[in-house]
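Take a look at the structure below.
The values are calculated or read from the model by the stated rules, or taken from the named source; none is laboratory data. Source: prediction; values computed, not measured. With ideal geometry, Cβ positions are generated from the backbone for all residues, glycine too; neighbour counts draw on all protein chains shown.
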Amino acid sequence: MLSEGFFNNFSDVALIVQKDEVISFNNAAQSFFDTIDLPISFNSFIKSNLDNQQPIGIGLVSLFRDYLKKSGQEGSSSFEYLHRNNWYEISIIRCDQDTFFISFKDISFYKKFDPQNKINYKSLAECSPDTIIRFDKEYKFLYVSENIYDLLHLRADDLIGKSIFEIGFNNEIIDLLSFHVSSVFIHKSKQRVELRLPTGVFIDLYMVPEFAVGDEISSVVATARDITELKDTQEQVSRSHEVLADAFRMAKLSTWEIDVKLNKITVNNFLQENTSKDYHFKDFLNQFILEEYHEKIIQAVKDCISAKDENFKATLNYQIVVGQDIRTFMTNLRIRKNSVGNTVFIYGTSYDITELKKAKQDLRVSNEKLWDAMKTANLTNWDLNLISGRGQVQKHFLSNIGIEVDEEVYSFTLKELFGFVVDADKARLLRTFNESFKSSEPHSLKFFEFKVNVKGKIFTISASFRLKLSSDGTAIYCFGTAQDITRLKEAEEELKDYRENLESLIEIRTQELISSRRNLQDALDLAQLGTWEIDILNNPGYFTGSKISQNIIGLSKTQCPIEEYISLVHPEDLHYFKKSQENSVNAKPGDKLDNIEYRIIKPNGEIAHLYISTKVAHDEEGNLVKMYGNIQDISPIKKAQEEKDRLTKIIESSSDIICLINKDKTIQYMNKAGKIFYGIDSEDDLKGQSIEKFQPKKSVSRDPELWDKLEEDGFWMGENIEVKYDGTEFPVSQLLMAHYGKDDQLDCFSTVIRDISMQKNIEEELRYKNHELDTFVYKASHDLKGPITSLIGLYTLVKYDVNDVKSLEYFERYNAQINRLNDLLNDLLNLTKIKDKEAEKSRIELKSEINEFIETYSDKSSNPDLEINLDIEENLVIYSDKLLIRTILQNLIENAFKYSDNNKKKPFIGITAKTRGGHLNLIVEDNGIGIDTEHQKNIYNMFYRATENSSGSGLGLYLLKNAIDKLKGAINVESEPGQGTIFKLKIPFSQNHKEEPTF
């Protein structure tokens, strides 16, 4: 145990916890915490005195529980903790089996606090249609939005705290996820990947780094978007293109040519014969062409012969005899003249249009059927000439909405159309048209709805919309279909307004809604509303539910024993449930039973809140024969209310200033932190007050143009100045957001304001300390270089003057350590050069540089059988920074030699250097000892060694990565233990010294 004097005088805040109780704390803790009555349970102590919710999204109670367990197993542990905007390192040391010493060390001076890490990801995530995910460096889920269930069929609670390796992903998905997540941490850049989940959903995963301390990444935030429908559509389009290509290949056209002078016709592939044949023109007519067309064809040939314009064109339709069939052909006519202007050849292409003629007839019949169907469904075609501003619509459609016209196809103007559109929809309808005209996909099908007022009666119209463009891309024509969906909309509104009385509404409207059964089913699915019954007369002892009811309860079959259903009822609600069933059984004919709510535990362990209506049926003698009713899953409603309450508590407890602002800039709501900051005592002091009253004149958010831009863009974020009620100025970060209603009209604004004065001070101090540290590393390394060089020289003298074998052995060991220290100093000096270096461009003969390093490390290699394979582009000369290029080549080639496998029969090193599109593609491959997968993500870290056999400084690949980053290049490693390693680099460069550097 610790001595009492040491404990009380310990400089940092310290506690003694024994058997989950705080039994003592030192002098430093007395000024840190409020008065504490000892002993106190450790959980109560945390909740009363510490900030339980941490930026990483995990509560402090959970953190302490995990690290106390770890200290119990390993003797000690530590983690970082945010308390009142200060960072502390909490160390836990096990004194004996039940007693722990816990200290709080203030590390705020060294740790840069990024206020963005305190954004409430959950509230933002719930606003997004995409799934939001947050990973840490160990690939664990720190946060997952609730709609993850749509992608993985797993709840968010099933994923939090687990890594991507623990939730059943296959190796392909794990490899993709781990590679791209680690790439975000390594490259500190965004990553994007598309992958198909085990559920069959195809997602687009977009990952961005989240910085915590300096340039250190604390976590990765990702959005997952369901693109399954997009991928399926792409596949369908691809298949359609293939079918279209086959159709063109299968189209058999015949070519022909008439020699005017010889009166001869040559045909090719005529009548599907893959041969070329010559006929006398009259013989051809008599053999193939129906006689009634002879004169027409002869006249067309004469017209071609007499034509003066060599660009003369004509078209012939005629019929020919093929066996017992008569086929219709179409032939185009062109002419070729000689040097004196006489027509010498008439040529063209013939193709069989018999099926086309038949198809036209069939199309005419189909159009008549379609026209009848459209009348029945009250559908109409419409079109609009955007040049003239006039359009057309069918008479029957207008008649159905109370507009009587004489013409079967009525012509209207835009002004006439907008005269019927209700005022609330006019601006939205115009905006829809304008957005369609500017769309990047003008030919795609779009839909919109609007209301019209005809003689005081409101109709809802649903219309499809396509654009036709001119050759210069100008919209000249639009067309589509329109349908009166007034009755459908009325039915949907009735369903929405009378959810609790849905059963009676269905009974009343059954006949009216038969034509809208599909919409009704969609509404039931959306409302998660099913039916149930217990048929005491015909099927006693069994609970029967509809398909929706089965999904709500989690049953795999339509019927189940009543005992099985009762076993699902939550124990705390069981008495209430049984009481309700007893009331139902004892009810008399005509009695009205109350609707009830209770919870069940589904077979998969999920808890669901149910809303149940119950009715009973009796026979003529008053005996109970059936119990039935509706069942609805109201878990989302319950959860939404809990989330709302939780969000309100979070906002009120936040240290940030959070406000809701009306369109006229008056304050609608301000949280507790804002009222304290501005000195507001009550809600009455806020009523009718403008937000500008509380902002200084130099505040950025007082600029009217900013609010106009905010309304257009939706949000603004930046730094600002705020003044406290006592006149103190604070630098702040501020987020302003515009919120819109269902009609896309501005509803209100919101703002989040955070004090960043401490952050500004820490940033300045950190920049100064980093400069001091770089200066110290460079000077210390440079000062040590001279003594080490002298020691290396001393070894050379000893090697020649000392003959004692034992002494030489000691000096060899001594020299190995001196050389290792010398390599470390060289790497440190190179690191400082690279970090402070501005890239310079000079001429580099890459093959010469590569050969020089190969020669250097071949002399040092312990493997004489190592084969070197070079594939370097001829006369490869680039202009880049020579020091950085040499640093890259040296470390790659040195590692390939150093980690070769002497036990392999044919060890080799392969180097490939090619240029493409202004980039150098460099590949260094070996079949050496390889790198374990668990180490690959850390190989570019400073002083990291992936193998115990490494004798280097651990800076080689760190230097390599820094050099590549300086050149704005990219690197990728592929390795398998025992098989070898491949490094692939892509580095931009200049091809001559006159070009601007690419870095």
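Would you confirm whether or not segment 395-409 contains a residue that is within 15 Å of residue 479 (Cα to Cα) and outside the structural domain of residue 304 (by TED's automatic domain parsing)? Yes, some residue in segment 395-409 is within 15 Å of residue 479 (Cα to Cα) and outside the structural domain of residue 304 (by TED's automatic domain parsing). Is there a residue in segment 217-228 that is assigned to a helix (DSSP H, G or I) and touching a strand residue (DSSP E or B) at 6+ places or on another chain (Cβ under 8 Å)? Yes, segment 217-228 contains at least one residue that is assigned to a helix (DSSP H, G or I) and touching a strand residue (DSSP E or B) at 6+ places or on another chain (Cβ under 8 Å). The combined condition, being at pLDDT below 80 and over 30 Å from residue 433 (Cβ atoms), is not fulfilled by residue 373.
Could you check segment 694-712 and list, in sequence order, the residues that are surrounded by 11 or more Cβ atoms within 10 Å (Cβ to Cβ) and free of Cβ contacts under 8 Å to residues at least 40 places away in the same chain? 694, 695, 696, 699, 700, 702, 706, 709, 710, 711 - these are the residues of segment 694-712 that are surrounded by 11 or more Cβ atoms within 10 Å (Cβ to Cβ) and free of Cβ contacts under 8 Å to residues at least 40 places away in the same chain.
Of the numbered conditions (1) surrounded by 12 or more Cβ atoms within 10 Å (Cβ to Cβ); (2) over 39 Å from the mean Cα position of the chain (by Cα), residue 555 fails exactly one; give the number of that condition. For residue 555, the exception is condition (2). State yes or no: is residue 436 touching a Cys at 6+ places or on another chain (Cβ under 9 Å) and at pLDDT below 85? Answer is yes for this residue. Looking at 319, 287, just one residue is touching a Phe, Trp or Tyr at 6+ places or on another chain (Cβ under 9 Å) and outside any helix (DSSP H, G or I), and that residue is 319. Could you check how many residues of segment 693-702 are assigned to a loop (DSSP other than H, G, I, E, B) and not small (Gly, Ala, Ser)? Total meeting the criteria: 4.
Go through (1) of a type in the set (S, T, N, Q); (2) modelled with pLDDT of 85 or more; (3) not in a loop (DSSP other than H, G, I, E, B) and name the single condition residue 900 misses. Only one criterion is unmet by residue 900, namely (3).
Within segment 712-742, the set of residues being in a strand (DSSP E or B), in contact with a helix residue (DSSP H, G or I) (Cβ under 7 Å, 6 or more places away or on another chain) and among the aromatic types (Phe, Trp, Tyr) comprises 716, 730. Quick one: in segment 59-68, of everything that is surrounded by fewer than 17 Cβ atoms within 10 Å (Cβ to Cβ) and touching a strand residue (DSSP E or B) at 6+ places or on another chain (Cβ under 9 Å), which residue is modelled with the lowest pLDDT? It comes out as 59. Contact annotation: residue pairs with Cβ atoms under 9 Å, 6 or more positions apart or on different chains, pairing a residue in segment 529-551 that is among the basic types (Lys, Arg) with a partner that is outside any strand (DSSP E or B), are 547/558.
Out of the residues in segment 121-144 that are assigned to a loop (DSSP other than H, G, I, E, B) and in contact with a Phe, Trp or Tyr (Cβ under 8 Å, 6 or more places away or on another chain), which is modelled with the highest pLDDT? Per the stated criteria, the residue is 139.
Residues in segment 416-470 that are acidic (Asp, Glu) and surrounded by 14 or more Cβ atoms within 10 Å (Cβ to Cβ) were compared, and the one that is farthest from residue 490 (Cα to Cα) is 425. Where residues in segment 165-216 are assigned to a loop (DSSP other than H, G, I, E, B) and among the aromatic types (Phe, Trp, Tyr), which of them is nearest to residue 131 (Cα to Cα)? Only one residue fits best here, namely 169.
Could you please give the count of residues in segment 448-495 that are β-branched (Val, Ile, Thr), within 23 Å of residue 374 (Cα to Cα) and not in a strand (DSSP E or B)? Looking only at that region, the number is 2.
One residue stands out in segment 257-276 among those that are in a strand (DSSP E or B) and out of contact with any helix residue (DSSP H, G or I) (no Cβ under 7 Å at 6 or more places or on another chain): the one that is surrounded by the most Cβ atoms within 10 Å (Cβ to Cβ), namely 267. Of the residues making up segment 870-885, those that are of a type outside the set (A, V, I, L, M) and either touching a Ser or Thr at 6+ places or on another chain (Cβ under 6 Å) or more than 10 Å from residue 989 (Cβ to Cβ) (or both) are 871, 873, 874, 875, 879, 882. The residues of segment 743-770 that are aliphatic (A, V, I, L, M) and in contact with a helix residue (DSSP H, G or I) (Cβ under 8 Å, 6 or more places away or on another chain), listed by number, are 746, 753, 756. Looking at 279, 347, just one residue is outside any loop (DSSP other than H, G, I, E, B) and either small (Gly, Ala, Ser) or in contact (Cβ under 8 Å) with a residue 24 or more places away in the chain (or both), and that residue is 347.
Residues are listed down the side, and each one gets a yes or a no for (1) aromatic (Phe, Trp, Tyr); (2) buried (at least 17 other Cβ atoms within 10 Å of the Cβ); (3) under 23 Å from residue 261 (Cα atoms); (4) under 60 Å from the mean Cα position of the chain (by Cα):
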| site | (1), (2), (3), (4) |
| --- | --- |
| 285 | no, yes, yes, no |
| 291 | no, no, no, no |
| 294 | no, no, yes, no |
| 306 | no, no, yes, no |
| 310 | no, no, yes, no |
| 315 | no, no, yes, yes |
| 319 | no, no, no, no |
| 323 | no, no, no, no |
| 328 | no, no, no, yes |
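Among the residues making up segment 663-692, a single one is assigned to a loop (DSSP other than H, G, I, E, B) and under 16 Å from residue 648 (Cα atoms): 671. If you go through segment 640-652 one residue at a time, do you hit one that is more than 34 Å from the chain's Cα centre (by Cα) and among the charged types (D, E, K, R)? No, the conditions are met nowhere in segment 640-652. With respect to (1) more than 26 Å from residue 379 (Cβ to Cβ); (2) at pLDDT 75 or above; (3) basic (Lys, Arg), the lone exception for residue 499 is condition (2).
To keep it simple, each residue is scored yes or no on (1) outside the structural domain of residue 869 (by TED's automatic domain parsing); (2) modelled with pLDDT of 80 or more; (3) hydrophobic (A, V, I, L, M, F, W, C).
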residue: 929; (1), (2), (3): no, yes, yes
residue: 932; (1), (2), (3): no, yes, no
residue: 949; (1), (2), (3): no, no, no
residue: 953; (1), (2), (3): no, no, no
residue: 963; (1), (2), (3): no, yes, yes
residue: 970; (1), (2), (3): no, yes, yes
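Taking segment 597-640 and the strands (runs of 3 or more DSSP E) fully enclosed by it, the elements with 1 or more residues that are in the same structural domain as residue 571 (by TED's automatic domain parsing) and acidic (Asp, Glu) are at 624-633.
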